[in-house]
Structure formats: structure tokens, C-alpha cells
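Trainee: I'd like to ask you about the structure that follows.
The values are calculated or read from the model by the stated rules, or taken from the named source; none is laboratory data. This is a predicted model, so every value here is computed, not measured. Here Cβ is always computed from backbone atoms with ideal geometry, including for glycine, and neighbour counts include all displayed protein chains. Heavy atoms of the whole protein, side chains included, go into the accessibility calculation; ligands, DNA and RNA do not. Shrake-Rupley method; radii C 1.70, N 1.55, O 1.52, S 1.80 Å.
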Amino acid sequence: MSNETITLAGRPVRRMGFGAMQLPGPGVFGPPKDRDAALAVLRRAVDAGVNHIDTSQFYGPDVANELIHSALFPYAEDLVLVSKVGAKRNDGGHWLEAQRPEDLRAGILENLASLELDQVPVVNLRRHPGGDVPFEEQLDAMIGFRDEGLIGAIGLSNVNIDEYTSGTARTEIACVQNAYNLIDRSDQAVFDASRKDGVPYAPFFPMGSAFNPSNPVLNSDAVKAAAERLSATPAQVALAWLLQVSPNVLLIPGTSSLAHLEENLAAADLELDAAALEAIG
């Protein structure tokens, strides 16, 4: 895997990271189908050089963090764990808002406990579309948590360009995590702003949303043609495109399969040629 790095919260991380969202059971709820396989995926990712893992206490809930702790604790010195707050789960697995400052604090404390950390290196404030809690109130709370030492740095997730601009004007922002891929570029304004500012951008749904069975990313004619010509998979082309389109991109593809993990890691070494980049657009 490529050794190319980018600075995340003052620490160098490889541009190919790992997202833990796929490790719990179906719907990101409950235990994994195969606990040993999930642990093996985490250990193999780190052995291969991954030193940036994205997670959250509400993945499971507690499942992803427990697996990370079981597989990797005590953590390597260069491993940067990034979590997020702003949501929670009920007993039926439904996603609920947890946007108030007291909710954000509770989420951070739950992450500290389940990961067995004194400080979470980076915590993303994940905004809920249509929520009624002002962004400025949330950001004030996050700055307070950082000053208190509960978190090392503040990230933003699911934010629009006004929130991004407001946030970066107020305080240092370690990273942005929004939806972006070669088909869905609706977040282009934030993508471009973060690139200009040198803020790491971690796109979620990099290979298309799992909630869209037609998956226009992996089924794109241009992507499939490039994959066939370059002896790669469509997923590898989609990931490689993101790495080449901007130097501030950090990837966090997730999987519970060792075979898929190896496929994703190999995308860091795939160089798309001019013909592929032109066809994808």
C-alpha cells in the first residue's frame, strides 16, 4: 500500500484508512456475523499500514468500538482513531438525533469508555439535516470539550458550505466527512473549499451508497471500462479516482471481509491514466 500521507490533527496518516461502520451486524446494529473475521480485518488493516480508523459508539451501538478495542488495544502510537457524535440508536436499531450539547458530551464519554481512551484524537460533529440545534451552539460545545481535553481535535460531518465556512472561521477544523463520490458531487462546494484550505476531506459513500441497490458508481460504464482496461475492479477505480482528484482526500472504505479489505488497500497503488480520468469526468 502507498506510503503517501496527509496530516490529520497534527499527525501523519496514510491516505488509505479504514471505516468501521461495516463491522457490526446488518443495518450497523448488533454483533457481527463473524466476530473472528471482523477482528482479523482490523488487525490486517493495521498490519498493512493503515493508521487512520473511523468509528463511532453508535455503530452497533458499541459494537465497532468494542471490536477495535479487542483487536488493537493497546493501540499503536501512530494510530489515529476518529469518532463522531450527533446520533444514537434505540433498542430497535433506529437512528435517533443526539444533537444537543449534552448529547454530544454523552457521546464523547461513551466513546472514551468503549475505546478505553483518555482522549479521542478526533471527534466529528455530525450534523443532522433539518435539526433544530444551531450549528454555532454545537461548535461552542465541541470547542469546550477540546479545551477540557476530552477530544484532541474537532472534525465536521454532514455540513453544508455555510457551516464549513463558519466553523473554519471560528476554530481549527481537523477534517471534514461528507458524502462525495464520482457520481454524487453535490458536496462540491465544501470539497473545493477544504482542498483550498488544506483540510483533510474523508468522503463517505466513496463507492456509492449501500442504500442504493442500483449503485450508479460501480455500474458506471466509464468505471467498468477503466477497470477492465487497467485489470482492476470498479471499486478500486472509484477509490483511486478520489485519491487522484485532490491531494487532501482521506479514504475510509469499510468492509467485514478480508478479501474486500485487500481489494480496497490495493486501490491506493492504482494509477488512473488520462483516458480513464477523461471518461469519468
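Trainee: Can you tell me the dipole magnitude for the chain around its Cα centre, using point charges on the Cβ only (Lys, Arg +1; Asp, Glu -1), in Debye to the nearest 20?
Mentor: 300
Trainee: With the dipole of the chain worked out from charges on the C-beta (+1 for Lys and Arg, -1 for Asp and Glu) around the Cα centre, which of Ile108, Ala153, Ser186 lies farthest toward the positive end?
Mentor: Final value for the positive-end residue is Ser186.
Trainee: Would you mind working out the accessible area per residue for the chain, using a 1.4 Å probe, and quoting it in Å²?
Mentor: So the chain comes to 43 Å² accessible per residue, rounded to a whole number.
Trainee: Something else: Could you grab the Rg to Rh ratio for the range 104-236? Cα atoms only, Kirkwood for Rh.
Mentor: 1.06
Trainee: Another question about this same structure. Quick one: Cα convex hull volume of the chain, Å³ per residue?
Mentor: Spelled out: Cα convex hull of the chain, divided by residues, is 122 Å³.
Trainee: Could you name the lysines in cross-link range of Lys84, using Cα to Cα under 28 Å and dropping any fewer than eight places away on the same chain?
Mentor: Qualifying lysines at Cα under 28 Å: Lys33, Lys196.
Trainee: Based on DSSP H runs of at least 4 residues, each adding -39500 (n - 2.57), what is the mean residue ellipticity at 222 nm of the chain after dividing by all its residues, to the nearest 500 deg cm²/dmol?
Mentor: -11500 deg cm²/dmol
Trainee: With a 1.4 Å probe and every protein chain left in place, tell me how much accessible area Ser257 has, in Å² to the nearest 10.
Mentor: Here the accessible area works out near 40 Å².
Trainee: Quick one: putting +1 on the C-beta of Lys and Arg, -1 on the C-beta of Asp and Glu, what dipole do you get for the range 35-88 around its Cα centre, in Debye to the nearest 20?
Mentor: It comes to approximately 180 debye.
Trainee: Work out the charge dipole of the range 19-95 with +1 on the Cβ of Lys and Arg and -1 on the Cβ of Asp and Glu about the Cα centre, then indicate which of Val46, His69, Gly30 is farthest towards its positive end.
Mentor: Result: Gly30, furthest along the dipole toward the positive end.
Trainee: Okay, next question. Along the Cα→Cβ direction, 7 angstrom out, place labels at Glu97 and Gln119. What is the inter-label distance in nm?
Mentor: 3.2
Trainee: Let me ask something additional. Which FRET efficiency, nearest 0.05, do Arg229 and Ala76 yield, Cβ-Cβ r, R0 30 Å?
Mentor: Computed FRET efficiency for Arg229 and Ala76 comes out at 0.20.
Trainee: Using a probe of 1.4 angstrom, how much of the accessible area of the chain is carbon and sulfur, in percent?
Mentor: 51
Trainee: While we're looking at this one, here's another question. Under the rule of at least 5 residues apart or a separate chain, name every residue whose amide H is placed under 5 Å from the amide H of Phe204.
Mentor: Those qualifying (amide H under 5 Å, at least 5 residues apart or on another chain) are Asn178, Ala179, Tyr180.
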